[in-house]
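Working notes for the structure below.
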Amino acid sequence: MDALASQKQPVGTADRGPAHLAPDCAELNFYALDRGLRDLLPIYLGDHDFQALEPHFDRLGALAGGQLDELARIADKHPPVLNPRDRFGRDEDWIDYHAAYREMETIAFGDFQFHAMSHRAGALGMDRPLPAVAKYTLQYLFVQAEFGLMCPISVTDTSIHLIRKFADPELQDYLLPKMLSGDVATFWKGTQFMTERAGGSDVGAIETVARYEDGEWHLYGDKWFCSHADADVALLLARPEGAAPGTRGLALFALPRRLKNGRRNAYRIVRLKDKLGTRSMASGEILLEGAVAYLVGDVNAGLKQMMEQVNLSRLSHGVRAAAMMRRCLNEAMICARSRAAFGKTIINYPLLRRQLLKIALPVEQSLSMFLFAAHAMDRANAGDANAALRLRILTPLLKFRACRDNIPVATGAMEVRGGNGYIEEWVNPRLVRDAHIGVLWEGTSNINALDIITRAVGKSGAHRALATTLEGLLDEASAIPSGFRNHLREKLSCVLAFAERVAAEPALEADARQAASALYHATSAVLMIWEASRPGCDARRALLARLVLEHRLSARDPLAPAGGGWEDAAAELILAERRISLAEVSGLLG
Ligand SMILES: Cc1cc2nc3c(=O)[nH]c(=O)nc-3n(C[C@H](O)[C@H](O)[C@H](O)COP(=O)(O)OP(=O)(O)OC[C@H]3O[C@@H](n4cnc5c(N)ncnc54)[C@H](O)[C@@H]3O)c2cc1C
């Protein structure tokens, strides 16, 4: 860090901030600050793992609010640079990263070993792989400081998953020891190149060809969006010569950056994209000029295999959106509690309180949703078929809705900070820029909504498995007034019926997003009242559930006032800095 000292900015927490201007969250512990997360972790992770892992959550929370946040700010201002050739004119392309980015890599891959933590023992001193709930919680804390690097971290993790599951033993022996290593200087990072100019959503339009020449596969083509462009091994789709058109003819390959003899493989990073956000991370275009690649798994099941990586990425994207939204809320709250205007601290103004509630609601929904989805993954990995179906639908639901919510939440938090929120010295502009990518990569909103309605609901019936679990949670939440629970139960069954109808009637395809949103909201509302009913959990989550019910799942008269009634009392409790008891909220649950 010494070399970077000249670029450091003074932090802005309350005691050190200049007069008048509100502080930001610099140097706060993002784990300690997150009451919702701390309440929910023992529920979703279990007491034993929670006790073992809490010191690591706490340490990462402190890093995220401190050193990582500072490094992320610097890396965002110093994006990677492509060097296409060396000084001898050889196409030995490489990418230069700022030292701040490299330091974040050391924390992520060396210290925490994010990429390997759910594949082997040893990360964070654990004698077994970490549960999914723990892994995604750590991602959630990390991303509150740095978003761009989470792409290489996650895609290395998911590449390892695919290689372990589908590659033949020889290929596994070649790649996995390198990819699972915790030695930052020598280990191999992974990535995924799918998109081409002809097709992003329309994967079947991929034009890259694989030719079997001299006993090896060689790839020829042009990949248009390649994040983590200089990864050591990329998983990609290509069409073996003569294979069927469309998605059926695609095979999955592993493309090493260097060959076994140490020479550079025959592909070039042609240029890097000049991006709106994720600026710390290199996304490029790649020209495949006969590059050697290894076939992964069944030559006829390329897309099916690749979809496992896509789904894991989608879950991580939902978690990243939840993380960025949490950072937005924390920034908005610290600002609202200290900035004064017209003689009052701004949090005391009714309009600003309404704004804060609008930010807080999707933040807390996404927290419940990602923990519930990660918990389903843990259960599915243990062989629970019902949990696997739940995960099937929860993954695109989280990706779709949380990534969409991230955009207005980031803008809302910027507005709470006023003009300073627009100035690049503060974190808000980066949060606004980074928020937008979530609705693009790993499937746009439309593609995810269609996956939810057409496939997860229409073909797999995954919504039924989800509904069974949610109904069980409603029964368990007996501490919540039964009238409210019954209301939610009825709403849930209407939402399920709507989703089934949209899935069954092709003429209703344009309603897929509306149906997917309704599923997300109903699920999150049930989760939040169940959580509020758990011993030791803050009961404000039940009020948030009612807000979801009233604002996201019910018709409202736009000309009828919402203020002056239960919502004002609910806002008082939701925005309070203290723990809220069930007794305080029961009267407000309608
Ligand atoms: C910064 C960045 C990094 C990326 N990194 C990678 C990477 O590492 N690897 C990778 O493989 N890809 C990557 N991508 C590509 C990304 O996944 C695609 O851009 C995305 O899948 C959309 O594909 P497209 O750009 O071809 O848009 P299109 O598919 O052309 O979509 C255009 C519009 O049409 C809509 N649309 C398409 N089909 C339908 C339909 N059936 N019904 C309704 N609407 C439809 C879409 O929703 C969208 O609004 C990256 C993209 C960006 C911006």
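The values are calculated or read from the model by the stated rules, or taken from the named source; none is laboratory data. Please read all numbers here as calculations on a predicted model, not as lab measurements. All Cβ positions, even for glycine, are placed from backbone atoms using ideal geometry, and neighbour counts span all protein chains on display. Surface accessibility is based on the protein's heavy atoms, side chains included, excluding ligands, DNA and RNA. Shrake-Rupley method; radii C 1.70, N 1.55, O 1.52, S 1.80 Å.
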Seminar exercise, completed: The distance between the Cα centres of the range 199-271 and the range 440-481, in whole Å, is 34
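If you average 1/r over every pair of different alpha-carbon atoms in the range 256-394 and take one over that average, what Kirkwood value in Å do you get?
Details: mean 1/r = 0.0505 Å⁻¹.
Hydrodynamic radius (Kirkwood, Cα pairs) of the range 256-394 is 19.8 Å.
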For this session: Quick one: which residues, 5+ away or cross-chain, put their amide H under 5 Å from the amide H of V270? H built at 1.01 Å from N.
Result: E285, I286, L287
Seminar exercise, completed: Plugging the Cβ-Cβ distance of A555 and S581 into 1/(1 + (r/R0)^6) at R0 = 56 Å yields, to the nearest 0.05, a FRET efficiency of 0.95
Exercise. Which percent of Cα pairs goes in each bin when the distances of the range 249-292 are cut into 5 angstrom slices starting at zero?
Worked result: 5, 19, 19, 21, 16, 14, 5, 1
Problem set entry | For G290, distant residues with modelled amide H under 5 Å away | L219, Y220, G221
For this session: Could you give me the percent of Cα pairs per 10 Å distance bin for the range 440-590, shortest bin first, beginning at zero and ending with the bin that holds the maximum distance?
Result: 11, 36, 31, 20, 3
For this session: Considering Cα pairs under 8 angstrom that are at least six residues apart, work out the relative contact order of the range 150-205 and quote it in whole percent.
Result: 34
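Using alpha-carbon pairs under 8 Å, 6+ residues apart, how would you state the relative contact order of the range 113-156 in percent? Intermediate values should be presented prior to the final figure.
Working: 33 pairs, mean separation 14.6, N = 44.
So the answer I get is 33 percent.
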For this session: Please compute the Cα-Cα pair-distance distribution of the range 313-387 with 10 Å bins starting at 0, giving whole percents from short to long.
Result: 18, 35, 23, 15, 8, 2
Exercise. Taking only C-alpha pairs under 8 Å that are 6+ residues apart, what is the relative contact order of the range 293-404 in percent?
Worked result: 36
Problem set entry | Cα lying deepest toward the dipole's positive end in the chain, options L130, G302, Y349, charges on Cβ | Y349
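Report the charge-dipole magnitude of the range 166-228 in Debye, nearest 20, computed about the Cα centre from +1 at each Lys and Arg Cβ and -1 at each Asp and Glu Cβ. All intermediate terms of the calculation are to be shown ahead of the outcome.
Details: 5 positive and 11 negative charges, 67 e Å.
For this selection, approximately 320 debye.
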Exercise. Using the alpha carbon gyration tensor of the chain, what are the three equivalent-ellipsoid semi-axes (square root of 5 times each eigenvalue), largest first, in whole Å?
Worked result: 40, 29, 21
For this session: Find how much the distance from E572 to D384 grows on full extension, using 0.36 nm per residue of separation minus their present alpha carbon separation; answer in nm with one decimal.
Result: 63.6 nm
Problem set entry | At R0 = 35 Å, FRET efficiency that the Cβ-Cβ distance of D183 and R464 yields, to 0.05 | 0.15
Problem set entry | From phi via Karplus (6.51, -1.76, 1.60), per-residue ³J(HN,Hα) for the range 25-40 in Hz, x at Gly/Pro | 8, 3, 6, 8, 8, 6, 7, 4, 6, 9, 4, x, 4, 5, 5, 7
Problem set entry | Solvent-accessible area of V432 with every protein chain in place, 1.4 Å probe, in Å² to the nearest 10 | 30
Seminar exercise, completed: Cα-based Rg then Dmax for the range 484-524, in Å, read 10.7, 34
Exercise. When you take every Cα atom in the range 348-435, what is the radius of gyration, and what is Dmax, the widest Cα pair distance, in Å?
Worked result: 16.9, 52
For this session: Convert each backbone phi in the range 55-66 into a coupling constant with the Karplus relation 6.51 cos²θ - 1.76 cosθ + 1.60 (shift: θ = phi - 60°), then list the ³J(HN,Hα) values in order as whole Hz, x for Gly and Pro.
Result: x, 6, 4, 5, 5, 5, x, 5, 5, 5, x, x
Seminar exercise, completed: Quick calc of log₁₀ I(q)/I(0), the range 47-160, Debye, one scatterer on every Cα, no solvent, q values 0.18, 0.24 1/Å, result -0.91, -1.35
